[in-house]
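Below is one structure; the comments refer to it alone.
The values are calculated or read from the model by the stated rules, or taken from the named source; none is laboratory data. Treat the numbers as computed from the prediction; the structure is a model and nothing was measured. Don't worry about glycine lacking a Cβ; one is built from the backbone with ideal geometry, like all the others, and counts go over all protein chains shown. These accessible areas exclude ligands, DNA and RNA; they are computed on the full protein's heavy atoms, side chains included. Shrake-Rupley method; radii C 1.70, N 1.55, O 1.52, S 1.80 Å.
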Amino acid sequence: TLTVMPGKLTLLVHGRGLLAMDKNMLVADSSDPFFQIHTDFSAEPIYKSDYLNATLIPEWAEFQLDLAKLDSGCKDIRETKLNFTVWDHDMITYNDHMGDLSTTIGDLLDKVGQQLELKCKGKPAGHLHILKAKLDE
C-alpha cells in the first residue's frame, strides 16, 4: 500500500570538507558540488540542488520537499529514509561521485546544527551540515 504524507519538509544543507575532484595546477584543487536526494522507492531524484563552482564548502540554498509526493512506505513520516548523493559537476565528462549518506526525516529534524558524515567507497568523504530541518504538516 502507498503511504502518502501531507505537508512539506524545509531543509538547509551545507557541505563541509568535501573531496577535491578537480585537480588544478594554477589554483587550489576543488569541486563543483551538487547533491541529489532519493527515497528507497524513487528511481529519479526527488530533489537536485544547483551546483556551486570551485568549492569544498558549498552553501546550497534552502529548499522544500513536498511530502505528499513521497511514497515512503512508512506510517510515521519521521521514519522515511532519504538518501543523499553528492556529485562533482563536470561540463564535458561524466559527473564524479563524491559521497553518500542515508538518514531519516526524523534524524534530520533531531540533528539540526550537526554534521552527518558522507562516505565514498566506504571511506570518509566530508560532511553535510544540517542548518535547518522543519516539518510543516
* Would you please list the contacts, defined by Cβ atoms under 7 Å and residues six or more apart or on different chains, that run from a residue in the range 102-117 that is under 21 Å from ILE46 (Cα atoms) to a residue that is surrounded by fewer than 16 Cβ atoms within 10 Å (Cβ to Cβ) and among the acidic types (Asp, Glu)? => THR104/GLU79; GLY106/GLU79
* Asked: Since ASN53 meets every condition but one in (1) in contact with a helix residue (DSSP H, G or I) (Cβ under 9 Å, 6 or more places away or on another chain); (2) open to solvent by 90 Å² or more (accessible area, probe 1.4 Å), which condition does it not meet?
  -> (1)
* To do: Out of the residues in the range 18-54 that are of a type in the set (S, T, N, Q) and free of Cβ contacts under 8 Å to residues at least 40 places away in the same chain, state the one that is nearest to ASP90 (Cα to Cα).
  => ASN53
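One line per residue, one yes/no per condition, for (1) under 16 Å from HIS14 (Cβ atoms); (2) assigned to a strand (DSSP E or B); (3) of a type in the set (A, V, I, L, M); (4) at pLDDT 90 or above:
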{"residue": "ILE37", "(1), (2), (3), (4)": "yes, yes, yes, yes"}
{"residue": "PRO45", "(1), (2), (3), (4)": "no, no, no, yes"}
{"residue": "ALA61", "(1), (2), (3), (4)": "yes, no, yes, yes"}
{"residue": "CYS74", "(1), (2), (3), (4)": "no, no, no, no"}
{"residue": "TYR94", "(1), (2), (3), (4)": "no, no, no, yes"}
{"residue": "LEU109", "(1), (2), (3), (4)": "no, no, yes, yes"}
{"residue": "VAL112", "(1), (2), (3), (4)": "yes, no, yes, yes"}
{"residue": "ALA125", "(1), (2), (3), (4)": "yes, yes, yes, yes"}
